1. Cα-Cα over 31 Å: which of Lys53/Lys291; Lys53/Lys179; Lys107/Lys169?
2. Any idea what the relative contact order of the range 228-379 is, in percent, if you count C-alpha pairs under 8 Å spaced at least 6 apart?
3. Treating the Cα atoms of the range 292-379 as identical point scatterers in vacuum, please give the log10 of the normalised Debye intensity I(q)/I(0) at q = 0.20 Å⁻¹, two decimals.
4. Between helix 58-67 and the chain, what is the angle of the helix's C-alpha long axis to the longest principal axis, kept within 0 to 90° and rounded to the nearest 10?
5. Report ³J(HN,Hα) in whole Hz for each residue of the range 37-46, in order, from the Karplus equation J = 6.51 cos²θ - 1.76 cosθ + 1.60 where θ = phi - 60°; Gly and Pro get x.
6. Sum -39500 (n - 2.57) across every DSSP H segment of at least 4 residues in the chain, then divide by the residue count to get the 222 nm mean residue ellipticity, nearest 500.
7. Under a GNM of the chain (C-alpha, springs under 10 Å), which listed residue has the highest mean-square fluctuation: Ile232, Ile185, Ile64?
8. In the Gaussian network model of the chain, springs joining C-alpha atoms below 10 Å, which of Ala20, Ala61, Ala214 carries the largest mean-square fluctuation?
Amino acid sequence: MVIGVLGAGTMGAGIAQLAAQNGHKVILVDKQEVQLKKAKDQLASILLKLIDKHKITSEKANEIQSAITYSTELSAFSSCGIIIEAILEQLDVKHSAFEQLEKVVSKECILASNTSSLSIASIGGALQKADRVLGIHFFNPAPLMPLVEVIPAVQTNVSFLEQAVSLMKSWDKTVVVCKDTPGFIVNRVARPFYGEALRIYEEGIADFATIDWAMTEIGGFKMGPFTLMDYIGNDVNYAVTTSIFEAFYYDPRFKPSFTQKRHSEAGFFGRKSGRGYFDYSEGAIIPTPVKDYVLGQQIVDRILAMLINEAYDAIFMQVATAEAVDLAMTKGVNYPKGLIQWSKEIGTKEILSRLEKLFADYGEDRYRPNPLLRKEVLH
Ligand SMILES: NC(=O)c1ccc[n+]([C@@H]2O[C@H](COP(=O)([O-])OP(=O)(O)OC[C@H]3O[C@@H](n4cnc5c(N)ncnc54)[C@H](O)[C@@H]3O)[C@@H](O)[C@H]2O)c1
């Protein structure tokens, strides 16, 4: 099958590489010639590194490079069986792209979006034949991250969903199918990792370095929340949180934080701007955490209880199965364990009592325990 990729930025370039590595002919389209050139040059340098590391032969590298056709014209997509769109995250921009795509492809061509935050149903709204719209949500970098969330919209025909799932499996991806709801699985369930860490900081319980130390040293996470937000970019992370908060009709569980807003407003985006929660300039002093294990455990217990509550909510609201939620968090964001499995190891009764205490102490809806978690405890 010929694979079309629309948008040659960070994600599009990675998806095109992945498809070519898996033996497909690929058409990569971007409206900017300069982006196509950048994608082509980047691919050449990635492949050189892979040859150096003996991961691929130079013949295979040539094969991958010659499998990709670069174009600024949508008409280049005419022979594609699927188009994966990875352009600007704006509904009006995506709408006009999907409208135009439909004019050049066959009726059987799947039209997929890599959107992180828009609903697939809303993107499909631009199509005459919307039963072939889907979400195929990759993680960055697409060739390396194992997880793919596949999202059917209410309009999607099940046969297109099955085709997309088998295509992703043939690329060796771990596929989770989930409902077309804000943040899908990963970006929804992971919210408390950032939000509760920020809340703990705002209450003056611990500083950034101490919270990060607790979550890595005691919690076993690969990166602390503040280091991770500095990697993602506070502007990007804040925008995702805000869009999820709005999309959930302002549910207080997803309320964004002033601390992150202020950091974003000040241009403290993180690594890319040289300063975020931490200072990345030459010779900057690295803050020392307070290595208090009692405090550290309290921090981990609180954030983990909130994450687990969110995982139960995703299952309760039929976003995905428990297995899919655990797979998504371990393969999509490298959590040390699946949250449902983790809740069973700690004991669901213990998790529920942590949440009930938070709920009683603060009286905020944010801490309400999920009904499915309560049900688990009763079993
Ligand atoms: N960056 C991530 O970590 C990440 C992860 C998962 C999903 N996503 C989603 O993937 C999509 C792309 O993100 P990105 O980070 O690769 O963006 P990017 O800014 O790196 O690239 C976007 C590309 O789209 C091109 N473009 C914009 N409008 C176009 C149009 N109308 N026609 C053709 N090309 C057009 C731009 O020239 C640019 O090359 C977004 O929907 C984003 O939410 C991003």
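Any read-out appearing in this document is the output of simple, stated calculations on the displayed coordinates, not a laboratory observation. Because the structure is predicted, anything quoted here is derived from the model rather than measured. When we count neighbours, we look across all protein chains shown, and the Cβ atoms used for this are built from the backbone with ideal geometry, even at glycine.
1. Lys53/Lys291; Lys53/Lys179
2. Result for the range 228-379 is 19 percent.
3. -0.95
4. Once rounded, one gets 80 degrees.
5. Whole-Hz 3J(HN,Hα) from phi for the range 37-46: 5, 4, 4, 5, 5, 4, 4, 4, 6, 4.
6. -15500 deg cm²/dmol
7. Its mean-square fluctuation being the largest, the pick is Ile232.
8. Sorting by GNM fluctuation, first place goes to Ala61.
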